[in-house]
Amino acid sequence: MRMIAAVMHEQGLPTPYVDSQPFRIEEVELDGPGEGEVLVEIRGAGLCHSDLSQVAGLRKRKLPVVGGHEGAGIVREVGRGVTGLKPGDHVVMTAVADCGHCQFCNENRPVLCESVTLARSQGLLSDGERRLSYRGHPLYHYSGISSFAQYAVTVPTSLIKIDQSIPLDVAAMFGCAVVTGAGSVFNSAKVRPGQNVAVFGLGGVGLNTVMAARISGASEIIGIDINESKFSLAKELGCTRTLNARDPNLVEMVKDLTRGGVDFAFEISGSPAAMTSANALTRKGGEIICVGLGATGEMYQYAHAGLVSEEKVFRGSFMGSCVPVRDIPRYMKYYQEGRMPVNRLKSGTMLFEDLNRNLDLLDRGEVVRQVLLPHG
Ligand SMILES: NC(=O)c1ccc[n+]([C@@H]2O[C@H](COP(=O)([O-])OP(=O)(O)OC[C@H]3O[C@@H](n4cnc5c(N)ncnc54)[C@H](O)[C@@H]3O)[C@@H](O)[C@H]2O)c1
Ligand SMILES: [Zn+2]
Ligand SMILES: [Zn+2]
C-alpha cells in the first residue's frame, strides 16, 4: 500500500531542525504483512530523546529510514500463522521483540535477544524482512517499529493488546517512555520500600522512573535536572525534592537528605556530567542505574578504587529490562488505577508537518512528550 511517512535520509543535519528538515514527509510503499507479521494502523507515536540522538547522528542507522520507535494503533490485518491478535485489536507497539529461542530469550531477557539486536542494526524487522520501499529503492525500519507513519508492519512479539477504552495517544508512550522508566525501577534496580533514589533527567523517561519509585514505596525521590521548568510536574508525580544539577552543593545536599547518599541514582539524561554526579551521590553499596544514551563509543571515567572499596554497581538498563507481555499490562493497570498518570506526560499532539519543529522543542527542553497523530 501507499502511505505517508516521515523519512530520514541523512543524519547529523544542523539545528534548528525546522530549517534543516531531518524528516521529510513522503509517500512510501509498505508491503505485507507476510507470514508471522501484523499490519497496524498507527494512531499515536511518541517523540523520544533517542529520536533526537538519531537525527543528530550520535548512533548510526541504516538510511533512509522511517523514524519512530514507540506507538499505538489498531490491528488491520494479520499474516499467516499469527495467533492471539486479530483485526480491530488495539495494541501498544514497542521496539522490544523476541526470537523465543536464543540464550537471552530463554533467560526471559528479550531486550538482549541476539537476532532482534542484529536485525535492528540492519534496519530490518526482527524476522529479517524489509517491508518498506521508496520509489523502488530500499527503505529501512527503525527499531522494527517505524511508527512515524500511517501504517506499520511488525512482528506480534512487539505488539501488546490493550483495553479499547485507553486513548491511543496515551498508550503510545508505553512503548518506550513507560517501559524504560518504570522498568528501570521495577526490573533493573528492584527498589524496595524505604529506599532513597535520585533521578537525573526529568523528561518522558525520567518522570516514569519517578512514578514507579513512588509506587515502590521509595522514601526520598530526588529529581535533578538542569531545567527548572521540569520541577513542578516532577513534584506532582512523586518527587519529594527537586534540585538543580548545576548547583555546586548538589552532592552534599543529597547526602544530607539521605544520611550518606541514595541507594539508587538513575541517570536518564545521557550527560557525562550527570553520570559523575550520580556516582558521587550514591551511598556505599548503592547502584547507578544507567539509562541515558550518548554517542556510540562515548567514554565515562570513575575512580576505580572507590568503586571496589565502596562496592558500588554501575548497571545498564535497556528498555527497562522489560518483558513486554508481562510488564505493559501491569503498567496499564497502574495507569487505569490513577497510580501512573502517564497522560500527564503528553505535552501535546502534532501532525506530520510539525515533526521537525517538535524536534527543536524537545531539544530545547520545552516539551516532555509530543505525540504524532499520523491520521490527523
Ligand atoms: N536505556 C534505554 O532503553 C532508553 C530508552 C529511551 C530513552 N533513552 C535515553 O534516555 C534519555 C532520556 O530520554 P527522554 O526521552 O526522557 O529525554 P528528554 O529530552 O525528555 O529528557 C531529558 C532531560 O534531561 C535533562 N538534562 C539534560 N542534561 C542534564 C544534566 N546534566 N543533569 C540532569 N538533567 C539533565 C533535560 O533538561 C531533560 O529534562 C535519553 O538519553 C534517551 O536517549 C534510553
Ligand atoms: Zn525511546
Ligand atoms: Zn532471542
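The values are calculated or read from the model by the stated rules, or taken from the named source; none is laboratory data. Bear in mind the structure is a predicted one, so any value in this text is a computation, not a measurement. All Cβ positions, even for glycine, are placed from backbone atoms using ideal geometry, and neighbour counts span all protein chains on display.
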Open item on the list: Only one of Leu207, Leu202 is among the aliphatic types (A, V, I, L, M) and not in a helix (DSSP H, G or I). Can you tell me which?
Closed with: Leu202
Open item on the list: Residue pairs, Cβ under 7 Å, 6 or more apart or interchain, first in the range 97-109 and farther than 24 Å from Ser146 by Cα and assigned by TED's automatic domain parsing to the domain that holds Ser158, second more than 6 Å from ligand 3 (Cβ to nearest atom) and assigned to a loop (DSSP other than H, G, I, E, B). List them.
Closed with: Asn108/Val323
Task: Qualifying positions in the range 92-126 - within 30 Å of Gln164 (Cβ to Cβ), more than 16 Å from ligand 2 (Cβ to nearest atom) and part of a loop (DSSP other than H, G, I, E, B) - done: Asp98, Cys99, Gly100, Asn108, Cys113, Leu125, Ser126
Open item on the list: Yes or no: the range 302-323 includes at least one residue that is over 30 Å from Gly261 (Cβ atoms) and at pLDDT 95 or above.
Closed with: yes
- [ ] Could you list, in sequence order, all residues of the range 285-326 that are in contact with a Gly (Cβ under 6 Å, 6 or more places away or on another chain) and within 16 Å of ligand 2 (Cβ to nearest atom)?
- [x] Cys290, Gly292, Leu293, Gly294, Gly320, Ser321, Cys322
Task: Among (1) on the phi > 0 side of the Ramachandran plot; (2) within 12 Å of ligand 2 (Cβ to nearest atom), the one test that Val205 misses - done: (1)
Open item on the list: Just to verify a result, which residue in the range 127-162, among those that are among the hydrophobic types (A, V, I, L, M, F, W, C) and not in a loop (DSSP other than H, G, I, E, B), is surrounded by the most Cβ atoms within 10 Å (Cβ to Cβ)?
Closed with: Ala152
TODO: Go through the range 128-173 and give me each residue that's modelled with pLDDT of 95 or more and of a type in the set (D, E, K, R).
DONE: Glu129, Arg130, Arg131, Lys161, Asp163, Asp169
Open item on the list: Tell me yes or no: at least one residue of the range 296-316 is crowded, with 17+ Cβ neighbours inside 10 Å and in contact (Cβ under 8 Å) with a residue 40 or more places away in the chain.
Closed with: no
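Scan Val153, Val179 and give me the residue that is farther than 15 Å from Val342 by Cα, in contact with a Gly (Cβ under 9 Å, 6 or more places away or on another chain), of a type in the set (A, V, I, L, M) and more than 16 Å from ligand 3 (Cβ to nearest atom).
On the way: Val179 fails: farther than 15 Å from Val342 by Cα.
After applying the criteria, what remains is Val153.
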